[in-house]
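Working notes, beginning with the structure itself.
Every number in this text was worked out from the coordinates using simple rules, so none of it is lab data. In this text, all values refer to a predicted model and were calculated from it rather than measured experimentally. Here the Cβ positions follow ideal geometry from the backbone for every residue, glycine too, while neighbour counts run over all protein chains shown.
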Amino acid sequence: AMAMISRRRLVLVLLLLACEIYHAEAVTTKKVLTWCQYTVVCCCTTLSFLCAALVVLFLLVLSGDDDDDEWADFDEAAYGLGNGTSNNETERRLTNVLLRRGYEYVFA
């Protein structure tokens, strides 16, 4: 605890000395502490607003593509799925559908 108190006093003395170098007038310990508190509050508030903006941006990007259902127009009956065709035939038809829709990277 003593080391922490001496460090605080050292920092405070250095801040007061820095103010004396620049010929600051009427610098008191209370004013220095108030300035430090204002600085911390400003930094924390700015960081909070930045984080809130990032969360809102993430939610907007995430909810933007709900209307695009890539499989909405996929009709199982039209491609012979679920009507007793063999697995190889079903796989071939599904592969053709995916390739026509631009999903080449699936088969890379």
Between residue 103 and residue 56, take the C-beta separation as r, use R0 = 35 Å, and let me know the FRET efficiency to the nearest 0.05.
0.65
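So how much slack lies between residue 30 and residue 94, counting 0.36 nm per residue of separation and subtracting their Cα-Cα distance, in nm?
Details: separation 64, 0.36 × 64 = 23.04 nm, distance 7.45 nm.
Length gained, residue 30 through residue 94: 15.6 nm.
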In nm, to one decimal, how far is the modelled label at residue 7 from the one at residue 43, with both set 7 Å along Cα→Cβ?
1.5 nm
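Go through 9-18, 42-51 and give me the packing order, highest mean Cβ count within 10 Å leading.
On the way: 9-18: 11.9, 42-51: 10.0.
Ranking, from highest mean packing down: 9-18, 42-51.
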